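Just so you know, all these numbers are worked out from the coordinates, no wet-lab data involved. Keep in mind that what you see is a predicted model, and the values were worked out from it rather than measured. Neighbour counts are summed over all protein chains in view; Cβ atoms, including those assigned to glycine, are modelled from backbone coordinates with ideal geometry.
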Number of protein chains: 2
Amino acid sequence: MNFRIEHTDSQTKARAGEITTAHGKIPTPVFMPVGTRGTVKAVYQHQLKEDIRAKIILGNTYHLYLKPGIDVIEKARGLHKFIGWDLPILTDSGGFQIFSLADERRKSQPGAKPMRKITEEGVKFSSDIDGSVHFFSPESAIDIQRTIGADIIMAFDECTPYPCEYEYAKKSMEMTHRWLARCKKRFDETQGKYGYDQSLFPIVQGSVYKDLRIQSAEFIASQNCEGNAIGGLSVGEIQDDMFAMTEVVCGILPHEKPRYLMGVGKPEQLLECIALGIDMFDCVMPTRNARNGMLFTRNGTITIRNAKYMNDFSPIDPEGTSYIDNQYSKAYLRHLNFADEMLASMIASVHNLAFFASLMREAREKIIDGTFREWKERMVKQVSQRL
Amino acid sequence: MNFRIEHTDSQTKARAGEITTAHGKIPTPVFMPVGTRGTVKAVYQHQLKEDIRAKIILGNTYHLYLKPGIDVIEKARGLHKFIGWDLPILTDSGGFQIFSLADERRKSQPGAKPMRKITEEGVKFSSDIDGSVHFFSPESAIDIQRTIGADIIMAFDECTPYPCEYEYAKKSMEMTHRWLARCKKRFDETQGKYGYDQSLFPIVQGSVYKDLRIQSAEFIASQNCEGNAIGGLSVGEIQDDMFAMTEVVCGILPHEKPRYLMGVGKPEQLLECIALGIDMFDCVMPTRNARNGMLFTRNGTITIRNAKYMNDFSPIDPEGTSYIDNQYSKAYLRHLNFADEMLASMIASVHNLAFFASLMREAREKIIDGTFREWKERMVKQVSQRL
């Protein structure tokens with residue numbers, strides 16, 4: 001993997017760069033659509049490539065491990081071949097899902113007793129599908145991601161919940177650092193064994209505590225990996241903390257390596273975090289909100305169920321960059337959404353992902369031509385409006 | 001509307017023809033994908049046109065009347081503009097849904113008391129969405145279909161259930177004939193009023209009773225409409241009766257007008273009915289079965305959930321005509337289906353509709369080159385196999 005910085009903005013910390021992987025080049029800043037179970041929900045692969053112009057997508061190790069199972073992906077000779085996607089893929093380590101899904105299940109199914117037992121060795125957890133018990137360790141998370149064969153793979157970390165006591169956050173961060181050493185060891189030992197050219201990114205943790213974030217960022221920076229990630233900041237309620245922690249951590253993580261802010265976020269948050277020095281993003285928001293009838297546009301968000309769109313036969317987004325934006329009207333999309341028709345999710349998902357991708361392309365252009373800050377200030381106001 | 005018969009098969013009653021409507025030409029025999037609520041489920045309009053090569057689609061008056069409501073479609077200036085489809089559309093009259101959905105609801109919701117009261121004047125019924133009470137008459141069914149603006153619209157009939165007592169079937173058929181007179185009157189009175197160029201097809205009824213079918217077909221034939229339909233034979237269990245009644249009716253309906261067999265059917269049934277003289281078909285089977293993981297191919301049906309496809313990385317249908325057929329593997333589609341991902345329905349629906357369309361195109365070629373019967377015998381065996 002190679003990362004080349006094309007231009008660094010003089011007024012902010014924003015950078016325009018390019019990551020080169022075995023499956024192609026990724027211009028940064030980049031937004032990575034989330035393909036949880038080997039599919040970006042409701043979107044064809046050819047739409048991702050040709051219409052949305054996604055340059056990299058994400059897969060979830062936890063979900064793929066449980067379904068279809070790693071043996072199937074191994075027999076398919078990797079996730080790229082299995083899902084029919086020949087551009088770069090990034091897989092997370094499974095940690096985030098192990099921690100978040102157990103909590104979600106506890107909330108949504110009061111009787112459920114999802115198991116999750118964290119030890120120094122690793123995490124024993126019950127499947128959210130059938131309750132069967134599994135064990136992930138730093139070593140197995142690397143082995144599984146080696147088998148999946150993504151271009152960028154993530155270290156196995158504990159993603160602490162929010163809010164989180166200082167003492168717990170500190171202990172957890174320290175264990176995540178020890179786990180990183182084991183991940184790196186296993187990663188180095190398995191170099192070339194699976195036939196894929198892969199890079200390992202470690203993850204900065206430390207909850208919302210500045211001193212912990214500094215400590216974690218310094219440790220992660222010292223590991224000299226090919227790129228670095230920031231975890232634990234994808235919680236909706238902590239936008240100010242998220243910005244503050246991202247700024248602190250970006251100041252420490254090496255300039256010459258890509259920086260990936262995990263699980264963030266809204267269009268205006270992406271723009272602010274680009275200004276802080278982030279290069280890579282992922283989030284389920286464009287696809288999840290699409291399924292709920294929310295469209296992101298450069299002029300603000302549209303809630304398609306709103307009565308005012310009942311007889312609005314104008315295109316869903318005349319300024320949009322995707323094929324779909326001028327093919328379908330707001331009134332038709334509203335009808336499809338109310339009728340619970342798949343086409344509603346299909347149209348809105350392509351639209352939202354195309355918008356996120358085009359916003360990243362435009363940010364990149366503005367960084368290169370030196371007008372990023374002014375543009376960003378204007379766009380943050382625009383995109384956060386409610387239409 | 002114009003119907004030109006290009007070639008009549010010498011060994012069967014099959015015909016290759018072409019219907020010309022205000023929205024374009026329809027080569028026959030033709031299969032019409034069902035777009036119940038203004039969308040063929042899980043399929044983009046551009047896929048219908050470019051990949052599936054559908055030449056006409058169906059809309060359901062009952063469903064569109066309830067949602068989004070006729071006022072919205074009127075404001076959109078017709079269904080074509082509302083859904084973004086500029087090729088021909090056919091709408092049914094709503095009768096079939098009024099009768100079948102009430103029965104379905106009674107079965108699936110034991111406590112439900114769906115209302116459906118049939119009188120000479122029309123049918124009072126409760127909505128399957130919210131239980132609200134509505135009234136359809138031959139006149140209102142025409143008015144609604146005039147507003148929707150489809151190229152071919154259907155007379156309002158009573159679609160008798162199966163099984164059905166002879167006496168009930170006879171009385172019902174006679175009322176359907178009286179309703180046809182009212183439909184025709186309203187249709188003639190409203191000619192040009194809505195700005196659409198439309199044709200009205202009447203429907204032969206008479207359940208599985210040969211004498212009633214003869215009586216109904218003779219009456220319908222005498223009405224000199226632009227095309228004729230056969231209703232009440234779309235029940236899965238009555239294949240032999242369906243063939244027998246279709247043969248009897250096709251022998252009476254005029255040769256020079258298109259014949260439409262409503263709601264049928266499996267690929268092998270389409271082929272047999274083409275041999276009996278049918279030109280037009282519609283059925284939810286290709287899309288509904290797609291959502292359940294069944295693929296129709298020229299070599300038989302595939303149940304994608306079958307364990308033998310777990311590690312089958314071959315294309316879903318190497319002989320298929322759609323773009324999708326060689327993009328995705330059986331193992332991947334199986335995974336998507338088990339994971340309940342929309343992409344499973346999207347892929348399988350496009351595949352099945354493309355197969356149905358290509359089967360009709362091939363039948364047409366075989367009729368024209370004089371090899372239809374032999375080909376049909378072979379294909380009926382092939383397509384009805386289970387792979």
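Would you tell me which residue of chain B has the beta carbon closest to the rotation axis bringing chain B onto chain A, and how many whole Å away it is?
Closest Cβ on chain B to the axis mapping it onto A, in Å: B:342, 3.
Is segment B:2-289 best put as rounded, prolate or oblate by its Cα gyration tensor, with a ≥ b ≥ c the root eigenvalues, rounded for a/c under 1.5, and otherwise prolate when a/b is larger than b/c, oblate when not?
Here segment B:2-289 falls in the rounded category.
Separation between the residue A:46 and residue B:109 pseudo-spin-labels, each 7 Å from Cα along Cα→Cβ, expressed in nm?
4.0 nm
If you fit an axis through the alpha-carbon atoms of helix B:138-148 and take the longest principal axis of the Cα set of chain B, what angle between them do you get, 0 to 90°, nearest 10?
With rounding to tens, the tilt is 50 degrees.
Any lysines with Cα under 16 Å of the residue B:193 Cα? List them, leaving off those in the same chain fewer than 8 positions away.
Cα-Cα hits under 16 Å: B:75, B:184, B:185.
Compute the Cα gyration tensor for the protein assembly as shown, then decide on rounded, prolate or oblate, letting a ≥ b ≥ c be the square roots of its eigenvalues: rounded whenever a/c is under 1.5, prolate when a/b is larger than b/c in the other cases, and oblate in all that remain.
Since a/c reaches 1.5 and a/b is larger than b/c, the shape of the protein assembly as shown is classed as prolate.
List the distances, in nm to one decimal, from the label point of residue A:116 to the label points of the same position in every other copy, shortest first, placing each label point 7 Å from Cα along the Cα-to-Cβ direction.
Values, ascending and in nm: 4.9.
Rounded to the nearest 10 degrees, what's the angle between the helix B:239-250 long axis and the longest principal axis of chain B, both from Cα atoms, 0 to 90?
Once rounded, the angle reads 60 degrees.
Taking the Cα centre as origin and putting +1 on Lys and Arg beta-carbons and -1 on Asp and Glu beta-carbons, what dipole magnitude results for segment A:280-344, to the nearest 20 debye?
200 debye
Roughly how many Å is it from the Cα centre of segment A:44-83 to that of segment A:313-362, as a whole number?
Centre-to-centre (Cα) distance: 24 Å.
Residues with amide H under 5 Å of residue B:297's amide H, sequence separation 5 or more or different chain, H placed in the peptide plane at 1.01 Å from N; which?
HN-HN under 5 Å from residue B:297: B:302.
Packing-wise, with mean Cβ within 10 Å as the measure, how do B:52-58, A:129-135, B:113-119, B:86-92 rank, highest first?
B:52-58, B:86-92, B:113-119, A:129-135
Any idea what the residue A:378 label distances to the other copies are, label 7 Å down the Cα→Cβ vector, nm, shortest first?
Distances to the matching label points in the other copies: 6.6 nm.
Report ³J(HN,Hα) in whole Hz for each residue of segment B:80-90, in order, from the Karplus equation J = 6.51 cos²θ - 1.76 cosθ + 1.60 where θ = phi - 60°; Gly and Pro get x.
3, 5, 4, 9, x, 9, 9, 9, x, 10, 10
Compute the helix-to-body angle for A:372-383: its Cα long axis versus the longest principal axis of chain A, expressed 0 to 90° and rounded to tens.
Long axis of A:372-383 versus the principal axis of chain A: about 70 degrees.
In chain A, what percentage of the DSSP-assigned beta bridges are antiparallel, given to the nearest 5?
Antiparallel bridges make up about 50 percent of those DSSP assigns within chain A.
Considering only DSSP beta bridges with both partners in the protein assembly as shown, what is the antiparallel share in %, to the nearest 5?
50 percent
Averaged across the residues of A:39-49, what count of C-beta atoms belonging to other chains lies within 10 Å of each residue's C-beta?
Per residue, the number of nearby Cβ atoms from other chains is 4 on average.
Using a 10 Å cut-off on Cβ to Cβ distances, tally the other chain neighbours for every residue of A:340-346 and report the average as a whole number.
Shielding by partners across A:340-346 averages 6.
What list of ³J(HN,Hα) couplings, whole Hz, do you get for segment A:289-303 from phi and the Karplus terms 6.51, -1.76, 1.60, once you set θ to phi - 60° and write x for glycine and proline?
For segment A:289-303, the Karplus curve yields 5, 4, 5, 8, x, 9, 10, 8, 9, 6, 9, x, 9, 10, 9 Hz.
Would you kindly work out, in nm and rounded to one decimal, the distances from the label point of residue B:247 to those of the same position in each other copy, ordered shortest first, with label points 7 Å along Cα-to-Cβ?
Its label point is 8.4 nm from the equivalent points in the other copies.
Helix-only mean residue ellipticity at 222 nm, chain B, DSSP H runs n ≥ 4 weighted -39,500 (n - 2.57), per residue, nearest 500. What is it?
-12500 deg cm²/dmol
Would you calculate the separation in nanometres between label points at residue B:77 and residue B:132, each defined as 7 Å from the Cα along the Cα-to-beta-carbon direction?
With each label point 7 Å from Cα toward Cβ, the separation is 2.7 nm.
If the only charges are +1 at each Lys and Arg Cβ and -1 at each Asp and Glu Cβ, what is the size of the charge dipole of segment B:2-289 around the Cα centre, to the nearest 20 debye?
Using Cβ point charges on Lys, Arg, Asp and Glu, segment B:2-289 gives about 680 debye.
Determine the shielding of peptide A:328-336 by partner chains: average, over its residues, the number of Cβ atoms on other chains within 10 angstrom of each Cβ.
Mean inter-chain Cβ contacts per residue within 10 Å come to 5.
For the modelled label position 7 Å from the Cα of residue A:175 along Cα-to-Cβ, which residues of segment A:118-149 have backbone nitrogen atoms closer than 11 Å?
In segment A:118-149, the label zone of residue A:175 (backbone N under 11 Å from the point 7 Å along Cα→Cβ) covers A:118-124.
Considering the dipole of segment A:290-383 built from charges on the beta carbon (Lys and Arg +1, Asp and Glu -1) around the Cα centre, which of A:344, A:311, A:368 is farthest to its positive end?
It is A:368, whose Cα lies furthest towards the positive end.
With each label point set 7 Å from Cα along the Cα-Cβ vector, what nm distance links residue B:118 and residue B:8?
The two pseudo-label positions are separated by 3.5 nm.
I want the local charge near residue B:387. Using Cβ-Cβ distances under 14 Å, sum +1 for each Lys or Arg and -1 for each Asp or Glu among the other residues.
+4
Sequence gap at least 6, Cα distance under 8 Å: using those rules, report the relative contact order of chain B to the nearest whole percent.
Relative contact order for chain B comes out at 18 percent.
Does segment B:290-383 come out rounded, prolate or oblate, given a ≥ b ≥ c as the square roots of the eigenvalues of its C-alpha gyration tensor, rounded meaning a/c under 1.5 and, failing that, prolate meaning a/b above b/c?
prolate
Rounding to the nearest 20 debye, state how big the charge dipole of segment B:290-383 is about its Cα centre with +1 on each Lys and Arg Cβ and -1 on each Asp and Glu Cβ.
That gives a dipole near 280 debye.
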